Amino acid sequence: MKNKKTRFILRLSLLLIMISAITYTLYQHFFTERNRIQVGDQAPDFILEDMEGNKVQLSDLKGKGVFLNFWGTWCEPCEKEMPFMERQYNQYKNLGLEILAVNVGESDVAIESFVKKHGLTFTVLKDKDRAVTEAYDITPIPTSFLIDNNGKVLKIITGSMTERDIANDMELIKP
């Protein structure tokens, strides 16, 4: 008799925990407001580490145009556009432009291998815990934000870009 009562209480407790979790998930999904970044907004500031372990803060780049790109080594469109970004970076880096390529949650080994393979010289940042990716509400990758010299978002691009697209975008954010 006592064994049946204990099992009943345990099952009831588990059921209540599951119902609570489902209720919370539904509430978060349908009733909390997400502040998605939009054109005209100030770009949210962040600090991330680059591949050498240096801290890079977005607000330290005030006065420069910033091409902020979120990417992954496994993403084919990302891999396709990286050489385009590198060539345009070499054209525009002396004109007050910076590329920040934020890798979304991958290992140092994977990122280093990718950077070396493509000969990337622009700043590659590591978002290990995906906090910046979540703050910018990134889906899908690649996603890029064009940020002017005052920190204002001028354009948001989801999906891959051609080299001509990137060149036009660099012109847009050139100080």
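A short reminder: the numbers here are calculations on the coordinates, not readings from a lab. This structure is a prediction, so every number in the text was calculated from the model and none was measured. FYI the Cβ positions are ideal-geometry reconstructions off the backbone, even for glycines, and counts take in every protein chain you see.
Find the residue count for region 79-130, including only residues that are in a helix (DSSP H, G or I) and free of Cβ contacts under 8 Å to residues at least 12 places away in the same chain. Lay out the reasoning, then the answer.
Filtering region 79-130 for residues in a helix (DSSP H, G or I) gives 79-95, 108-118.
Checking which are free of Cβ contacts under 8 Å to residues at least 12 places away in the same chain leaves us with 94, 109, 116-117.
Of the residues in region 79-130, 4 are in a helix (DSSP H, G or I) and free of Cβ contacts under 8 Å to residues at least 12 places away in the same chain.
Which of (1) within 18 Å of P175 (Cβ to Cβ); (2) assigned to a strand (DSSP E or B); (3) of a type outside the set (A, V, I, L, M, F, W, C) is the odd one out, the single condition N69 does not satisfy?
Result: N69 passes all but (1).
Which of the residues that make up region 62-99 are more than 12 Å from L120 (Cβ to Cβ) and in contact with a Leu (Cβ under 8 Å, 6 or more places away or on another chain)?
K64, G65, V66, F67, L68, E98 - these are the residues of region 62-99 that are more than 12 Å from L120 (Cβ to Cβ) and in contact with a Leu (Cβ under 8 Å, 6 or more places away or on another chain).
When you go through F67, F114, F84, F46 one by one, which is the residue that is more than 17 Å from I141 (Cα to Cα) and either more than 20 Å from the chain's Cα centre (by Cα) or not small (G, A, S) (or both)?
Numbers: F67 fails: more than 17 Å from I141 (Cα to Cα); F114 fails: more than 17 Å from I141 (Cα to Cα); F84 fails: more than 17 Å from I141 (Cα to Cα).
Checking each option against the conditions leaves just F46.
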